[in-house]
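The values are calculated or read from the model by the stated rules, or taken from the named source; none is laboratory data. Remember, it's a predicted structure, so these values are computed and weren't measured experimentally. With ideal geometry, Cβ positions are generated from the backbone for all residues, glycine too; neighbour counts draw on all protein chains shown.
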Amino acid sequence: MGLKEKIWFALFALALLLTFAAGRLPYFPGDVVLAKLVQSLMPASTGWAQWVSSTGKSPWCLLLLAITVILSFRIAGTRGALLSLASFAGMWILGLYLGSWVARPRPAPDLIRVAQQLTGYSFPSVHALVYASTFGFLAVLFAVKTSGPQRLSGIVICGAMVLLGFAARLALGAHWPSDLLLSSFIGFLWAALLVRFI
């Protein structure tokens, strides 16, 4: 096994280990402090956060997917477009089934500010998986398949969108920071694996 294969194996093992830990702990150390800090920096009104959150759900997530497919085609042709579909489909399916297996509860209102009581589970964050499978996939594609100003601007814009999604979900108290970070890590790992086939 070469060095690259060992790194991939270690990253996937880390993702599995952290997912297992998320199923055993209601939140990770530092989650409460970090969530409160982010919420203290956000506006009191959560209308913007609700709008950003809606883009991770149907039908708006399909618009994100369409944009991803078009840009992937422009950057890497038919194979890039098809792999962008695989990126989205893989994370969407993972989000549907992993939540009930891990069964991590949503943040409690007595620990952080929660804008509204949500059903379902805290991990994985389907919103973070959708953003990682679209904006994250594009960021990896820009990093690997472009150069110069196009690479820099593509990575910065995609990264800013992922951070905006983070901020929105934390402002609403819908997830713990670790839910978003781990979900994004899994999504970016999946995207990077797919981009290797271009």
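Out of (1) of a type in the set (S, T, Y); (2) surrounded by 20 or more Cβ atoms within 10 Å (Cβ to Cβ); (3) at pLDDT 95 or above, the odd one out for Y121 is which?
(3)
Name the single residue that is surrounded by the most Cβ atoms within 10 Å (Cβ to Cβ) among those in the stretch 141-158 being part of a helix (DSSP H, G or I) and touching a Gly at 6+ places or on another chain (Cβ under 9 Å).
Residue satisfying both the conditions and the ranking: L141.
Is there any pair with a first residue in the stretch 31-52 that is touching a residue at least 24 places away in the same chain (Cβ under 8 Å) and a second that is among the β-branched types (V, I, T) and surrounded by 14 or more Cβ atoms within 10 Å (Cβ to Cβ) whose Cβ atoms are under 6 Å apart and which are 6 or more apart or on different chains, and what are they?
From residues that are touching a residue at least 24 places away in the same chain (Cβ under 8 Å), the pairs are A35/I112; K36/I112.
Pick out the one residue from L18, L62 that is surrounded by fewer than 16 Cβ atoms within 10 Å (Cβ to Cβ), within 19 Å of H127 (Cβ to Cβ) and of a type outside the set (V, I, T).
Just one listed residue meets the conditions, L62.
How many residues does the stretch 68-80 hold that are more than 17 Å from the chain's Cα centre (by Cα) and either crowded, with 18+ Cβ neighbours inside 10 Å or under 23 Å from G165 (Cα atoms) (or both)? Steps first, answer last, please.
Taking the stretch 68-80 first, the residues more than 17 Å from the chain's Cα centre (by Cα) are 69-80.
Remaining after also requiring either crowded, with 18+ Cβ neighbours inside 10 Å or under 23 Å from G165 (Cα atoms) (or both): 69-72, 75-76, 80.
The qualifying residues number 7.
Quick check on my filter: what residues within the stretch 1-59 are more than 10 Å from A171 (Cα to Cα), part of a loop (DSSP other than H, G, I, E, B) and out of contact with any Cys (no Cβ under 8 Å at 6 or more places or on another chain)?
M1, G2, L25, P26, Y27, F28, P29, G30, G56, K57, S58, P59
Which condition does A174 not pass, out of (1) part of a helix (DSSP H, G or I); (2) hydrophobic (A, V, I, L, M, F, W, C); (3) buried (at least 19 other Cβ atoms within 10 Å of the Cβ), if it passes all the others?
Unmet condition: (1).
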